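See below for the structure under consideration.
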Amino acid sequence: MEYQTLALNLIEEQHIMTLATSGEQGPWAAPVYYIFLESAFYFFSSPSSRHIEESIQSRRASAAISAQAFSWEDIRGLQMSGAVKTVLPGPAALRAIRSYLKKFPFTKNFFNPSELIDLNAFSNRFRVRLYRFEPDLVYYLDNSIRFGFRQRVHFKKETSPCS
């Protein structure tokens with residue numbers, strides 16, 4: 001069975017990733033909308049939010065994505081650890097924004113139809129920045145395979161002319 005494919009399917013099906021950090025105030029978790037590109041999870045967040053401040057300061061974070069489950073057999077998800085990095089303006093940011101608008105088309109409703117939707121537009125409208133969670137350890141969990149099933153998976157970095 002190809003567990004990487006199952007993990008990628010789960011990533012495509014879901015919309016929310018919970019990012020977990022820890023700092024002087026203790027552990028913290030925050031849900032964020034994400035898109036997955038080039039083996040990383042891109043999301044918007046306030047630079048002054050606790051999860052961003054802690055993850056940037058510690059250079060470490062963990063994240064989880066899970067499918068909705070009503071019984072133990074339905075539990076599927078990802079457990080990950082890695083780093084959060086700020087995405088600067090440029091081709092990678094434009095690709096991420098295009099993918100974000102495609103996955104979350106309601107976002108366009110916050111902008112005028114004639115407005116150029118780029119990194120500056122998002123930053124100005126919502127007072128957010130674009131971040132990238134780069135996992136270095138990923139486990140796929142799936143109780144439909146067996147109770148407590150967990151398998152490490154690796155994402156291959158795709159090459160892109162925009163990167």
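The values are calculated or read from the model by the stated rules, or taken from the named source; none is laboratory data. In this text the structure is predicted, and so the values were computed from the model without any measurement. Heads up, the Cβs are rebuilt from the backbone with ideal geometry, glycines too, and the neighbour counts pull from every protein chain shown.
Summary table below
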| quantity | calculated |
| --- | --- |
| Residue check for Phe110: modelled with pLDDT under 95 and closer than 17 Å to Asn124 by Cα | yes |
| Qualifying residue in the range 77-89 (condition: in a helix (DSSP H, G or I), without any contact (Cβ under 8 Å) to a residue 60 or more places away in the chain, surrounded by fewer than 16 Cβ atoms within 10 Å (Cβ to Cβ) and in contact with a Lys or Arg (Cβ under 7 Å, 6 or more places away or on another chain)) | no |
| Number of the exception - Ala20 against (1) surrounded by fewer than 17 Cβ atoms within 10 Å (Cβ to Cβ); (2) touching a helix residue (DSSP H, G or I) at 6+ places or on another chain (Cβ under 9 Å) | (1) |
| Trp28, sole failed condition from (1) within 9 Å of the chain's Cα centre (by Cα); (2) farther than 27 Å from Pro91 by Cα; (3) aromatic (Phe, Trp, Tyr) | (1) |
| Yes/no for Arg50 being closer than 25 Å to Thr107 by Cα and surrounded by fewer than 17 Cβ atoms within 10 Å (Cβ to Cβ) | yes |
| Index of the failed condition, Pro113 passing every other in (1) part of a loop (DSSP other than H, G, I, E, B); (2) surrounded by 11 or more Cβ atoms within 10 Å (Cβ to Cβ); (3) free of Cβ contacts under 8 Å to residues at least 24 places away in the same chain | (2) |
| Neighbours by Cβ (under 9 Å, 6+ apart or cross-chain): first from the range 137-153, touching a residue at least 12 places away in the same chain (Cβ under 8 Å); second of a type in the set (Asp, Glu) | Asn143/Glu73; Asn143/Asp74; Ser144/Glu73; Ser144/Asp74; Phe147/Glu73; Arg150/Asp142; Gln151/Asp142 |
| Residue check for Arg95: more than 22 Å from Ser62 (Cβ to Cβ), of a type outside the set (A, V, I, L, M) and touching a residue at least 40 places away in the same chain (Cβ under 8 Å) | yes |
| Phe155 vs. criteria under 14 Å from the mean Cα position of the chain (by Cα), within 14 Å of Ala40 (Cβ to Cβ) and of a type in the set (Phe, Trp, Tyr) | yes |
| Qualifying positions in the range 116-141 - surrounded by fewer than 12 Cβ atoms within 10 Å (Cβ to Cβ) and under 15 Å from the mean Cα position of the chain (by Cα) | Asp136 |
| Candidates Ser144, Ser66, Ser71, filtered to the one that is of a type in the set (Gly, Ala, Ser) and loosely packed, with under 12 Cβ neighbours inside 10 Å | Ser71 |
| Filter result (in a loop (DSSP other than H, G, I, E, B) and among the hydrophobic types (A, V, I, L, M, F, W, C)) within the range 116-125 | Leu116, Ile117 |
